[in-house]
Structures are given as structure tokens and as C-alpha cells.
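These notes concern the structure reproduced below.
The values are calculated or read from the model by the stated rules, or taken from the named source; none is laboratory data. What you see is a predicted model; the values in this text were computed from it and never measured. Counting neighbours? That spans all protein chains shown, and the Cβs are built from the backbone with ideal geometry, glycine included. Just so you know, the surface numbers come from the protein's heavy atoms only, side chains and all, with ligands and any DNA or RNA stripped out. Shrake-Rupley method; radii C 1.70, N 1.55, O 1.52, S 1.80 Å.
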Amino acid sequence: MSRAPTATSGVGRVYAGALFAVAKETSAVDEILEDLVAVERVFRDHEEFETLLESPKVTREDAARMILAAFEGKIAKPVLNLMLVLLRRGRQRALPQVVEAYRALV
């Protein structure tokens, strides 16, 4: 997911804050950071995946299925849920800002 023009946007802070609260509740702060970084790396290293997810020819449901196929069982459930929420709301490009804001919280 490509970096949007703003640095740590308000959107990134909101999602990171919610994710951080869940991470603290489950004592998984570091694990979730590692998973966030790993997911961000996948999107950065495989731009075609992001392009496919954003294609107007791919429904959000199909895109969600692709995310589940790629990440389910490989990353913490809260991170997977975040990915699906970002996709559902058309904010998948905010992932780098979420990672940056989450890092700041850690």
C-alpha cells in the first residue's frame, strides 16, 4: 500500500489508536507491530497485489477474499481485521500511516 502524501494522518492515528488498544488488552503490542510491518512490506514489495485490490474490476468482496487467502493464519487477527476494515472503507492506502502512528504509540 503506497504511502499517501500526508505523513501520520489523522486517519492513520485513529486506526492505530484502536489497534493499539486491542493490542494492549491482549498483550500483543510487539506481535501486532511485527505483523503490521510485514503486511506493509508485502504491499510495498508486491505493488501488483495492491493494484489488483484497487482494480474497479475486482469487487470489495473478492478483494477481501484475496486478503484472507494471503494473510489469514499468518498474521494476528486484529491486523487481519484492520486490513479488512481499511479495504471496506476504501482506505487501504492509509496502511503506511497506520504503521507509522502505531510505531509512535509503541
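Looking at the structure I just gave you, is LEU82 open to solvent by less than 90 Å² (accessible area, probe 1.4 Å) and in contact with a Phe, Trp or Tyr (Cβ under 7 Å, 6 or more places away or on another chain)?
Spelling it out, LEU82 is indeed open to solvent by less than 90 Å² (accessible area, probe 1.4 Å) and in contact with a Phe, Trp or Tyr (Cβ under 7 Å, 6 or more places away or on another chain).
The residue that is most open to solvent (accessible area, probe 1.4 Å), counting only those in segment 27-74 that are over 13 Å from the mean Cα position of the chain (by Cα), modelled with pLDDT under 95 and β-branched (Val, Ile, Thr), is THR51. Of all residues in segment 96-106, those being surrounded by 14 or more Cβ atoms within 10 Å (Cβ to Cβ), under 15 Å from PHE20 (Cβ atoms) and not charged (D, E, K, R) number 6. Taking first residues from segment 30-52 that are within 18 Å of GLY12 (Cβ to Cβ) and in contact (Cβ under 8 Å) with a residue 24 or more places away in the chain and partners that are open to solvent by less than 30 Å² (accessible area, probe 1.4 Å) and of a type outside the set (A, V, I, L, M, F, W, C), the Cβ contacts under 8 Å between residues at least 6 apart in sequence or on separate chains come to ILE32/TYR102; LEU33/TYR102; LEU36/TYR102; GLU40/PRO96; PHE43/GLU50; GLU50/GLN92.
The lone criterion from (1) touching a residue at least 40 places away in the same chain (Cβ under 8 Å); (2) surrounded by 14 or more Cβ atoms within 10 Å (Cβ to Cβ) left unmet by LEU87 is number (1).
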